[in-house]
Each structure stands twice: as C-alpha cells, then as structure tokens.
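First the structure, in the form of structure tokens, and then the observations on it.
The values are calculated or read from the model by the stated rules, or taken from the named source; none is laboratory data. Here the structure is a predicted model, which means the values were calculated and not measured. Backbone-built Cβ (ideal geometry, glycine too); neighbour counts: all protein chains shown.
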Amino acid sequence: MSIKPKSMVLLMLIATLLLGACGTPGAPAPTPTVAATSVPVAAATPSPAPTAVPVTPTPAKANHTVQVDALYYRTTNTGAEGGTSSIQVRVQPAATPGQLRVGFFQEEVEGTGQQWQSSGWIAVLLGSMLNGVNPTDYEFSFSSGGWIDGPSAGGLMTVGVLAALRGADVRDDVSMTGTINPDGTIGPVGGIPHKIDGAAKAGKKLVLVPIGQRYDFDVNQEKLVDLVEVGKKLGVEVREISTVFDAYEALTGETLPQPSAGGSTPQLSSRAFDRMRAKTLEWISRYQKSRNEFNALPGEVQDLVADSMVYADEQAKNADAALKQGLVAVAYADASDAATSAQTANIMGQIFQSYLIGGIEEAIDHYQATNSVQTELKAVVASLQAEDIRTVSDVLTQFDAYSNIGIAEGLIMVADGQISALAKNFESLTEDEIFEKLATAALEYALASVNVQYARDAVDVGLGFGTAAAPQPEKILQIAEALRRAADSNIALFDSIIVDAYARQTGMHPDVLKNVMMDREPAYLFATASRLGINVLSQDIGDGPESAALVFGHSQSAYSLSSSLLAKHYSLGAQVDDELNVISFQREKALGEMLDYADRRARALINELGEEAPPATMYYYELGRSLRQGSAQDQLDALNYFWQAAILAQAGVYLVGN
C-alpha cells in the first residue's frame with residue numbers, strides 16, 4: 001500500500017518553522033468567476049483509478065450521441081450574466097482498439113479553453129470506470145456550440161459520457177453545474193445564481209446544483225441568495241445533488257447501479273494487522289535512532305531544528321497510544337510521521353553543522369556524501385520487478401508501491417536541483433536564505449527516503465492476499481495510460497485555475513509561482529515530483545507492458561493529490577494563512593456532505609471487492625475515519641484518504657470484472 005504521512009502539511013512546514021516564513025506570502029486564491037486562463041495539458045502524471053463500481057457493461061458496439069447544455073456565467077460591462085452552451089457527446093467503437101482517442105471540437109473561434117478539454121478527459125475516464133468498460137475500446141468526442149471553459153461542467157460531461165455509453169438520452173429541460181470528484185461526488189462551483197438565470201432563458205425547468213450550495217453568492221447583488229427562491233422566481237426548480245448517480249437519474253430518468261453502502265466496516269485481516277504492527281514498531285525504532293543521533297548534535301544546532309523534533313516526539317507518543325487502542329493504521333501513520341520528522345531534523349542539523357564549521361562547500365559535500373536514497377530506490381525497483389504478482393490484490397499493492405517510488409524519484413530530482421542552484425548562487429544569498437534552501441533540500445531528501453521505505457512496506461504488508469488471477473499486463477497498461485491522461489488533466493486544471501490566478505494576483509511569473517507553491521503546498525510538491533519521477537523511471541523500465549504498474553501507480557497518486565488541491569483551493573473555498581494552511585472552509589456544509597458520501601462510497605467499494613481488497617484500502621479507510629472529525633486540515637486529509645481507498649477498490653472491482 002501507498003503509505004503517506006498522516007498530515008503532509010505539517011511535514012512541509014518544518015523548514016519554515018525553523019527559519020520563519022520566507023519568500024512571497026501566498027494569498028488565498030479567489031474562486032474564479034469567469035473562465036480562467038488555460039494551460040496546455042501535460043502528458044504524464046499519477047492518478048488513482050476513478051472510484052465507481054462497474055455496472056452492467058455497455059455493449060461493445062455502442063455508437064450513440066447525446067446532447068447536454070452546460071451552464072456558464074461571465075462578467076460583462078453591465079455585470080455578471082449566465083447562459084448555456086450545448087455540448088454533443090459521442091461514443092463510437094474504436095477504429096484501433098487499445099488506443100485511447102478523445103476529440104474536442106468547437107463552433108466558435110476560441111469558444112472553448114484547455115480547462116474544458118481537461119474536464120472532458122476526466123469525464124471519459126471516470127465515466128468509463130463507472131460503467132465498467134475499457135475506454136480504449138471506444139472513441140470519444142465533445143463538440144461545443146458556444147463558449148465554455150473551467151471545471152464546473154465536469155459532472156454534466158461525465159453524465160453525458162455515461163449516457164452515450166449506455167445508449168440513454170438526456171432530458172432537454174434539465175441541466176446542472178458542479179465539478180466531478182474521484183469518487184463520483186459533485187463538487188461546489190461559483191456563479192450559480194447567474195447560471196440559473198441563463199438556464200431559465202434557455203427554457204430549462206430543472207437545474208441541479210452541488211449539495212451544500214443552496215445559498216450562493218450573487219455577484220450583481222453582492223450578497224448570498226437562496227437558489228431555490230431564485231429558481232422559483234424564474235420558473236425553474238433547483239435541486240441539490242451529491243453524486244453523479246443522482247445526476248444521472250435526474251438527467252436521464254434511468255438508474256445507474258452502484259454497490260450498496262451497507263455492510264460491515266472494513267477491517268484489516270489478522271495477518272495484515274500483524275504485518276502492519278511490525279512495520280509500525282520498525283518506524284518507532286527509526287525515530288529512536290534519529291532521536292539519539294540528534295541528541296549528539298551541539299546545542300546551538302539542536303536549537304535551529306527544535307520544532308521538528310518536538311513534533312516528532314508528539315507523534316511518537318500518539319503512535320504508542322494508537323497501538324494500545326488497536327488502531328494500527330493510525331499508529332503506523334503517526335510512527336512514520338515521527339520517524340520522518342526526526343530524520344529530517346537530524347539531516348538538517350548535520351548539514352547546518354557542516355555549514356557552520358566549513359561554509360557552504362562543506363555543507364554541500366555533506367549532503368552529497370550522505371545522499372544514498374537513489375541507490376535504495378533502485379534496489380526497491382529491482383525488488384518490485386522481481387515479485388511474483390499472482391492476484392488482483394497483489395496488482396493493487398504493486399500499484400501503490402510504485403506510486404511512492406515515483407514520488408521519491410521526483411523528490412530526489414527536486415532536492416538535487418535545490419543544491420545545484422545553491423552551489424551556483426550562494427554568494428548572492430543571505431545566511432538566512434542559505435539556511436532555508438539547505439533546510440528545504442534536506443526535507444525533500446528525507447521525504448524521498450521515507451517514500452522509498454513506504455514502497456518497501458507496501459509490498460511487505462500487502463502481498464499475498466486475494467484469489468482472483470492477475471490480469472495480463474497489456475490490459476493493465478491500457479487502463480493505466482487512460483488514468484494517466486486523467487491525472488494530467490487534473491493537474492492542468494489546478495495550474496490553470498489556481499496557479500495562474502495566484503500569478504496574476506502577485507505579479508509573479510507562473511513558473512516562479514509554481515516553485516513557491518511547491519514550497520508551501522505539500523500535495524503540489526508531491527504531484528509535481530511524481531510527474532518528474534515517472535519520466536525518469538519510465539526510461540529505465542521501458543514503455544511496454546512491464547511499465548503498467550509504474551504508470552498506474554504514478555497516475556493513482558497524482559490524480560488523488562490534484563483532486564485534493566482542487567477541492568481545497570477551488571470547490572470548498574478554503575481560507576488559508578500565508579503558508580497555505582487551511583484555517584476554515586467557506587463551504588463547510590458541502591465538505592460535510594462530501595465526507596459522508598466519501599465514507600460510504602469507500603466502504604461500499606471495499607466490501608464489493610471482498611477478499612480481493614488489498615490492505616492498503618483498509619489502511620486509507622481507517623485513516624479517513626480517524627481524521628474526519630478533526631481540524632479543517634484533518635477533514636481535507638480525511639477526504640483524500642477516503643478517495644484513495646475508493647480509488648484502489650474501484651480499480652480492483654474493474655480488474656476483477658475484466
């Protein structure tokens with residue numbers, strides 16, 4: 001299983017805790033009210049398999065076109081106004097099965113943007129997984145008859161793909177707005193009062209909006225309004241929905257099957273429990289080793305990194321308490337947090353000591369002399385390739401292991417880049433700036449080392465479960481490449497909607513802003529690192545069937561991370577401090593509804609998978625349950641863990657059925 005620290009944010013803040021906030025403060029990005037500037041969709045990233053259960057598969061010869069009317073709003077000289085843009089969604093048999101093809105067409109010059117295309121890729125992947133079909137068996141196309149961009153049509157486009165695959169028609173008097181999340185929930189968006197007005201002008205009688213958004217901000221009136229009342233005045237029924245399943249039924253009149261949310265709470269088997277408990281004790285031992293090494297550092301060096309060690313000590317105590325309660329997943333997360341923070345403090349302390357004694361050259365020499373993680377990574381990759389993968393559960397475990405390997409490889413590259421830049425430019429930097437860059441590189445190096453160990457643990461804990469035979473690598477590679485596109489699209493959406501918005505707000509170049517974002521937003525650092533890592537590792541492993549697990553694992557990771565970023569900065573309207581820590585959410589009701597459904601969805605899919613469910617799914621699920629009642633950041637982490645559990649389980653259900 002892919003095992004990450006329970007709170008990545010706390011780990012990423014270690015460097016800034018040492019030296020205070022450095023660089024340009026990040027200000028909360030406003031929810032865009034019009035189409036944001038688009039950026040090109042990159043061609044490789046991690047993405048967890050979208051979470052939905054295979055239903056009765058579409059006939060292999062499906063050839064159907066449906067029309068949906070997307071809602072938009074824009075700001076003009078006279079204020080905000082809404083409207084509709086027709087989208088034709090067509091599905092036909094693939095001319096060349098095994099190759100994913102998605103086309104985008106427009107009837108107006110610059111009528112659509114890259115964000116819209118990103119939403120289309122995600123809709124194709126999620127719609128295919130929800131319907132239990134291989135997307136490479138079909139060709140998909142989207143044709144827009146007006147102006148549209150942004151992620152707010154993601155839910156509607158996913159319904160369009162599902163309807164086209166299933167041969168259903170969409171009611172012409174219904175429309176909806178809302179993003180689409182990895183588990184099929186519909187995420188909040190902006191400008192809904194104006195979108196309802198546009199829907200009324202187009203003759204719509206029913207508008208579906210994300211649950212938790214009955215009250216939304218009217219730009220023209222500069223106040224919150226009751227959307228149900230807005231709709232009544234315009235002759236439109238406004239209905240809140242929480243999932244794509246609800247949306248599909250309202251838009252088509254048909255039911256999209258899904259697994260029951262009932263059943264027992266997923267639990268680790270006794271064998272998996274014992275394995276994870278042993279791994280937890282190993283992490284505690286690593287914490288103690290780093291703690292002892294830290295104690296041997298000079299007092300003035302210890303003072304520089306004391307905050308990190310205080311956090312490590314707290315997490316070690318939490319791990320012990322969780323173990324005594326039988327919460328082994330929570331104990332594992334806390335213990336790995338403790339070891340990571342202690343290791344980081346120790347590495348930072350040693351590098352700082354070298355700097356204080358011999359200057360920047362000796363600090364860099366120390367960094368390079370102790371950097372053995374690349375060798376460790378290659379050893380783990382060789383070990384993964386040598387494993388005897390027999391079952392679907394083993395395949396999913398391998399996916400999760402590779403998700404950590406991709407992140408580790410990328411973090412090494414990022415850290416090496418930091419050190420290289422420091423060696424070239426240190427004469428122009430202040431001592432505080434030198435310390436900050438050394439601390440950042442040390443942290444990235446430590447996180448890389450930890451992710452390599454997570455990959456080892458994933459295999460040690462997770463292999464040897466299930467009975468369903470593993471599918472052929474070619475079949476895995478087809479869906480893995482499709483998932484890669486979804487991950488790329490999601491990251492492109494975040495860059496376009498959030499990073500570009502920050503860049504405009506601060507006057508910084510987007511590339512510079514991305515570096516600042518990596519320093520302050522752990523999920524963005526990990527997603528970026530994963531993209532870098534996959535490019536390097538794919539050169540070593542090749543691009544044939546043997547790369548299937550690597551591509552899938554990378555895609556799984558990036559898709560989940562980028563979905564959390566979009567939820568935080570876009571859908572949920574997180575209020576953040578200068579370091580991008582979540583203080584609160586503007587849309588707390590929406591978050592609560594998303595957490596409730598994510599819990600049920602993960603539980604349903606894990607139970608549906610049954611004995612084929614790898615230990616990683618239960619691990620993620622237990623962490624989600626433990627965090628969902630915590631702080632604002634804890635709740636966001638819980639949402640991500642539920643998505644991770646559901647994503648892996650959905651991938652398993654799909655692979656068992658194919």
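What number of residues within the range 303-317 are buried (at least 18 other Cβ atoms within 10 Å of the Cβ) and either aromatic (Phe, Trp, Tyr) or assigned to a helix (DSSP H, G or I) (or both)?
Here the count works out to 7.
Based on what the data block shows, is residue 455 farther than 20 Å from residue 283 by Cα, assigned by TED's automatic domain parsing to the domain that holds residue 312 and buried (at least 24 other Cβ atoms within 10 Å of the Cβ)?
When the stated conditions are applied, residue 455 does not pass them.
For residue 538, are the conditions met, namely being in a helix (DSSP H, G or I) and over 16 Å from the mean Cα position of the chain (by Cα)?
Judged against the criteria, residue 538 is a match.
Given the criteria touching a residue at least 60 places away in the same chain (Cβ under 8 Å) and out of contact with any strand residue (DSSP E or B) (no Cβ under 6 Å at 6 or more places or on another chain), does residue 360 qualify?
Considered against the rule, which asks whether it is touching a residue at least 60 places away in the same chain (Cβ under 8 Å) and out of contact with any strand residue (DSSP E or B) (no Cβ under 6 Å at 6 or more places or on another chain), residue 360 comes out as yes.
Residues in the range 224-235: is at least one over 30 Å from the mean Cα position of the chain (by Cα), crowded, with 17+ Cβ neighbours inside 10 Å, in contact (Cβ under 8 Å) with a residue 40 or more places away in the chain and within 18 Å of residue 72 (Cα to Cα)?
Looking for residues that are over 30 Å from the mean Cα position of the chain (by Cα), crowded, with 17+ Cβ neighbours inside 10 Å, in contact (Cβ under 8 Å) with a residue 40 or more places away in the chain and within 18 Å of residue 72 (Cα to Cα), one finds none in the range 224-235, hence no.
Filter the helices (runs of 4 or more DSSP H) completely within the range 542-658 down to those with at least 1 residues that are closer than 26 Å to residue 152 by Cα and among the hydrophobic types (A, V, I, L, M, F, W, C).
Of the helices (runs of 4 or more DSSP H) lying wholly inside the range 542-658, those with at least 1 residues that are closer than 26 Å to residue 152 by Cα and among the hydrophobic types (A, V, I, L, M, F, W, C) span 548-566, 588-609, 632-657.
If I filter the range 171-189 down to residues being crowded, with 24+ Cβ neighbours inside 10 Å and part of a loop (DSSP other than H, G, I, E, B), which single residue comes out as farthest from the chain's Cα centre (by Cα)?
Ranking the qualifying residues of the range 171-189, first place goes to 177.
Would you mention how many residues in the range 339-357 are of a type in the set (Ser, Thr, Tyr) and either in contact with a Cys (Cβ under 9 Å, 6 or more places away or on another chain) or surrounded by fewer than 24 Cβ atoms within 10 Å (Cβ to Cβ) (or both)?
So the answer is 2.
Would you call residue 164 at pLDDT 85 or above, closer than 30 Å to residue 214 by Cα, among the small types (Gly, Ala, Ser) and assigned to a loop (DSSP other than H, G, I, E, B)?
For residue 164, the condition - at pLDDT 85 or above, closer than 30 Å to residue 214 by Cα, among the small types (Gly, Ala, Ser) and assigned to a loop (DSSP other than H, G, I, E, B) - is not met.
Which one of the conditions (1) under 30 Å from residue 615 (Cα atoms); (2) over 28 Å from the mean Cα position of the chain (by Cα); (3) crowded, with 23+ Cβ neighbours inside 10 Å; (4) of a type in the set (A, V, I, L, M) does residue 321 fail to meet, given that it meets all the rest?
Among (1) under 30 Å from residue 615 (Cα atoms); (2) over 28 Å from the mean Cα position of the chain (by Cα); (3) crowded, with 23+ Cβ neighbours inside 10 Å; (4) of a type in the set (A, V, I, L, M), the lone unmet condition for residue 321 is (3).
Here are some conditions: (1) within 19 Å of residue 522 (Cβ to Cβ); (2) out of contact with any helix residue (DSSP H, G or I) (no Cβ under 6 Å at 6 or more places or on another chain); (3) not hydrophobic (A, V, I, L, M, F, W, C). Residue 444 meets all but one. Which one does it not meet?
Failed condition: (2).
Touching a residue at least 12 places away in the same chain (Cβ under 8 Å), over 19 Å from residue 444 (Cα atoms) and over 28 Å from the mean Cα position of the chain (by Cα): does that describe residue 301?
yes
Mind telling me which of the residues 495, 519, 578, 543 ends up being out of contact with any strand residue (DSSP E or B) (no Cβ under 7 Å at 6 or more places or on another chain), of a type in the set (D, E, K, R) and modelled with pLDDT of 85 or more?
Criteria check complete, one pass: 495.
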